[in-house]
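In what follows, a single structure is set out as structure tokens and then discussed.
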Amino acid sequence: MPATPHLRSRRPLRSVLLALVAALLPLVAATVLTAPAAAADEPTRGSAPGLARKGAVPAAALTEVTNFGTNPSNLRMYLYVPESVTPKPAVVVAVHWCTGSGPDMYNGTEYDTLADRYGFIVLYPSVTRSSKCFDVSSPQALRRGGGSDPVGVKSMIDWVTRTYDADTGRVFATGISSGAMMTNVLLGDYPDVFAAGAAFSGVPFGCFATTDGSEWNSACSGGTVTRTAKEWGDLARGAYPGYTGPRPRMQIWHGTEDDVLRYPNFGEQIKQWTNVQGVSQTPTSTDTPQSGWTRTRYGGTGDRAPVEAISLQGVGHNLYAQGMASRVLTFFGLDGSGPAPQPQPGACRVRASVNAWNTGLTASVTLTNTGTTTVNGWKLGFTLPAGQAVTGGWGATYAPSSGSVTATNVSYNGTIAPGASVSFGYQASHTGNSAAPAAFTLNGTACAAG
């Protein structure tokens, strides 16, 4: 079975030490990587007040947690909790590649050092089957609560949220290769659990499905499985029939020269997740954040658009490189202080009007919650026409002053009941184009205009 090559560790000293003690690893695993039953009941060292509770693990060390809950496929659970873990922390589930492990994912990515900076918790599931690939093929894996790996991962998340009083609205998944495929599966099986995902070299939910017990689907890996956007969307929605709540946002990464999971899978994932999000397959923005990269965003133009896709020209399957995790955190909304709002259930409508003069204007904006669930905290994203810059405002705070602007609720208008509206506005200078913004996103989800 093709497998992702091991990633070069960003910790040369750790890699050397691991190589030196490889022969002793079975003897020392219990003390280095495993939390024995007694240790699992010790308080977290160096954590924030209130987190020293029964079941917490040592801070700033990769620790194995056992007996975490229902685990039909015998996964192992590794956890990294930073010294400066925040109250009600976010949780990032980092999923390894074929032939890898949770500790390999820890060593090969920088999520733990980013957790040290931003205070979230990192969960590393680890496969024990011989292939060390996650199950993204069986009928059990492709339905909510069906058994196999997704159920074990959900149990790990439940353990973390119970133990650390983590924010259940800020649980995220990211993975590489087999882990990217599992990221797609987790977001399909548990749309009510995950706020967003980031998949590096993966395939759509359901693409790898088999019925003969095989873990590998050559047609999917070869990029020959194509479906309409609705067909892909129906596959993902079918994992949790009857669910009508908000769906996770998705960030998709793929190299054009991927020879393990071929590049057409990139476009098929875009089809699937734009359909799941209910947004157009036509990009709302396209840019080049780095040489050889093409980034397209769908349903919004900001850093937390409903779907974001990055194509890497001339890059093969093993595309993950240091620095990409920071871009993942930006998409997740975890690279700043305080919780970032997540997509809200339901829909929205925005009406904007402008009163302009020679070099200035005032804009009035009305945001209506057309959904069935109350919006608690909002950020309205829009792009100002070229030459405009916000100079002041009311009913919201605005940043930055030009380009892709985000209006954030103030203390008295952050709650919008179903059918209710809030009004606010801003003053801006202009150099000739005094038009109102043409498109808006509410907490990353596109709004209707008018």
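Some observations on this one:
- Filter pass, Thr301 being more than 30 Å from Glu257 (Cα to Cα) and either in contact with a helix residue (DSSP H, G or I) (Cβ under 6 Å, 6 or more places away or on another chain) or among the polar types (S, T, N, Q) (or both): no
- Residues (under 16 Å from the mean Cα position of the chain (by Cα), surrounded by 24 or more Cβ atoms within 10 Å (Cβ to Cβ) and part of a loop (DSSP other than H, G, I, E, B)) located in the stretch 91-135: His96, Thr109, Phe120
- Some residue of the stretch 112-123 being within 18 Å of Ala209 (Cα to Cα) and either assigned by TED's automatic domain parsing to the domain that holds Gly242 or at pLDDT 95 or above (or both): no
- For the residues Ser201, Ser214, Ser221, the requirement of being surrounded by 14 or more Cβ atoms within 10 Å (Cβ to Cβ) and over 19 Å from the mean Cα position of the chain (by Cα) singles out Ser221.
- For the stretch 165-188, a residue qualifies if it is crowded, with 24+ Cβ neighbours inside 10 Å and either more than 23 Å from Thr109 (Cα to Cα) or outside the structural domain of Tyr80 (by TED's automatic domain parsing) (or both), and exactly one does: Gly188.
- Test result for Ala305, within 26 Å of Leu384 (Cα to Cα) and at pLDDT 95 or above: no
- Subset tally (residues that are part of a strand (DSSP E or B) and of a type in the set (S, T, N, Q)) for the stretch 352-410: 15
- Of all residues in the stretch 275-322, those satisfying the criterion of being assigned to a strand (DSSP E or B) and within 27 Å of Tyr398 (Cβ to Cβ) are Ser285, Thr286, Asp287, Arg295, Thr296, Arg297, Tyr298, Val307, Glu308.
- In this entry, Tyr298 is excluded by the filter for residues that are hydroxyl-bearing (Ser, Thr, Tyr) and more than 17 Å from the chain's Cα centre (by Cα).
- Of all the criteria given as (1) out of contact with any His (no Cβ under 8 Å at 6 or more places or on another chain); (2) at pLDDT 85 or above; (3) not aromatic (Phe, Trp, Tyr), the one not satisfied by Ala356 is (1).
The values are calculated or read from the model by the stated rules, or taken from the named source; none is laboratory data. This is a predicted model, so every value here is computed, not measured. Note that we place each Cβ from the backbone using ideal geometry, even for glycine, and neighbour counts take in every protein chain shown.
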